[in-house]
1. Need one number: nm distance between label points at Ile46 and Asn174, each 7 Å from Cα along Cα→Cβ, rounded to one decimal.
2. Could you tell me the relative contact order of the chain? Use alpha-carbon pairs under 8 Å, at least six residues apart, and round to a whole percent.
3. Check the straight Cα-Cα distances from Lys115 and name the lysines below 29 Å, setting aside those fewer than 8 residues away within the same chain.
4. May I ask you to evaluate 6.51 cos²θ - 1.76 cosθ + 1.60, the Karplus curve with θ = phi - 60°, for each residue of the range 170-182 and list the ³J(HN,Hα) values in order in whole Hz, giving x for glycine and proline?
5. Can you list, bin by bin at 20 Å, the percent of alpha carbon pairs in the chain, starting at 0?
6. Could you work out [θ]222 nm for the chain from helices alone, using -39500 (n - 2.57) per DSSP H run of at least four and dividing by all its residues? Round to the nearest 500 deg cm²/dmol.
7. Could you tell me whether the range 104-250 comes out rounded, prolate or oblate from its Cα gyration tensor? Rule is a ≥ b ≥ c as square roots of the eigenvalues, rounded for a/c under 1.5, then prolate if a/b exceeds b/c, otherwise oblate.
8. Have a look at Ile110, Pro381, Ser156 and report the one farthest towards the positive end of the charge dipole of the range 57-382, computed about the Cα centre with Cβ charges (Lys/Arg +1, Asp/Glu -1).
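Read-outs throughout are calculated quantities, based only on the coordinates presented, and are distinct from any laboratory measurement. What you see is a predicted model, and the numbers here were worked out from it, not measured in a lab. Here the Cβ positions follow ideal geometry from the backbone for every residue, glycine too, while neighbour counts run over all protein chains shown.
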Amino acid sequence: MSELILRGGRVIDPANGVDAVLDVLVRDGRIAAVGAQLDGGPEAVIRDVAGCLVVPGLIDAHVHFRDPGFTYKEDLHSGARAALAGGFVRVCCMPNTDPALDTAERVADIVARGKDTGIHIHPVGTITVGRLLEDLAPLREMAAAGAVGFSDDGESTRPEETLRAALHLSTELNLPIMVHCEDPELARGGSMHRGVVSEELGDPGIPAAAEEEYIVRDLRLAAETGGWLHVLHVSTVRGAEMVRAAKAAGTRVTAEVMPHHLTLTDEWVAGRRRFAGEPEPRMILGRVDPNAKVNPPLRPEADALGLVEFIRDGTFDFIATDHAPHAERDKPDELAKAASGMLGLEVAIPTLAEVVRRGDLDWPLVIRKLTSDVAQTLGLPGGTLTPGEPADITVIDTERTWTPTPEEIQSRSKNTPLMGLELRGRAIITIVGGNIRHDVA
């Protein structure tokens, strides 16, 4: 369509300081105007979005699309469909694929194939060759091919000299070294957070120190080198406090938090589905739920509630999902044998809506952490409704109720502990380049 008017929604555009009931006019794939009672040509399509949020297309800086090598779980196209269903128009793909994204050619392949998916896909290259945690990968070449950062996500880069070399290069490339912080010895044998619930289930558990001690190490290396460290999926209050202190001391560090670490707790692993801050479970499965096994693990309620403070004060530069699809065969009922990870893209909005409803965040801040802050932090396009920019737009109905089912979920995999639970809040229209790619309005 050449012209589209989104009429009467609450337009939240943090990049331009806009939060008001307005119209958005799209013409020839770009934002033509944002204002009151806008008119288009005689052929303009008008969509009434009163009562909904109209925001820049959401950006997710941390997804796993499993392509190449594990496409039975997800591929670029199924991942793109999941992104669109969740309101996301731009994503950064982690490199734990087979083969790993550790060469310029493999990075360039994702860039090229991503152009045919209907969303914007940016690859993250590995830190080490093969993600084997030893030899430094060709970071300069991957950057030239389109990598937007480097990570061995799923594992910590163990040799200090390798991570130090990567951080030194980050100062030249101005791209982040995105670290998964976990001490493998402290985490060995555990499937969930070490605490009261793990004792109940007879699991050895993963102590919070497994994450926190590697945060300490990596922050020290960042301070020594002056490099850009990005701490992935911080899950404990103490870990966030350390990032905040490092920022205050002048270390170049950025960090992210995930919706599930703000709302779900280790109780979900035991099958007790209670959002943090709620008095009673909404559902009790009566069994262990392998879909609630994630790395870093879901923590106790004190962490889930406490992490919000670090969004408000800017310690967390943005919110990402860590969308981690796994096929049913990867999630057996025996917790120790189940893969870590859960879907994130399609349930991010209703999950974050829980935090807004409990009064800990408001929608303008949530949207900023999903749009302009991601773009500004990582130097990505998008995250704005500025006239003249490509029309990447998400419309969110914060009160829409829906229930994730295997048929409803667009990801190739279905591994979410939210399956079958009535949720409130949904992306109902997703527009990329002026084209409506998702529409359940």
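1. The two pseudo-label positions are separated by 4.5 nm.
2. 19 percent
3. Lys73, Lys369, Lys414
4. In residue order, the calculated couplings are 4, 5, 7, 8, 6, 10, x, 9, 9, 9, 8, 9, 7 Hz.
5. P(r) over the chain, rounded to whole percents: 27, 60, 13, 0.
6. Estimated from H runs of four or more residues: -8000 deg cm²/dmol.
7. Prolate shape, in that a/c is at least 1.5 and a/b is the bigger ratio.
8. Looking along the dipole axis, the top candidate is Pro381.
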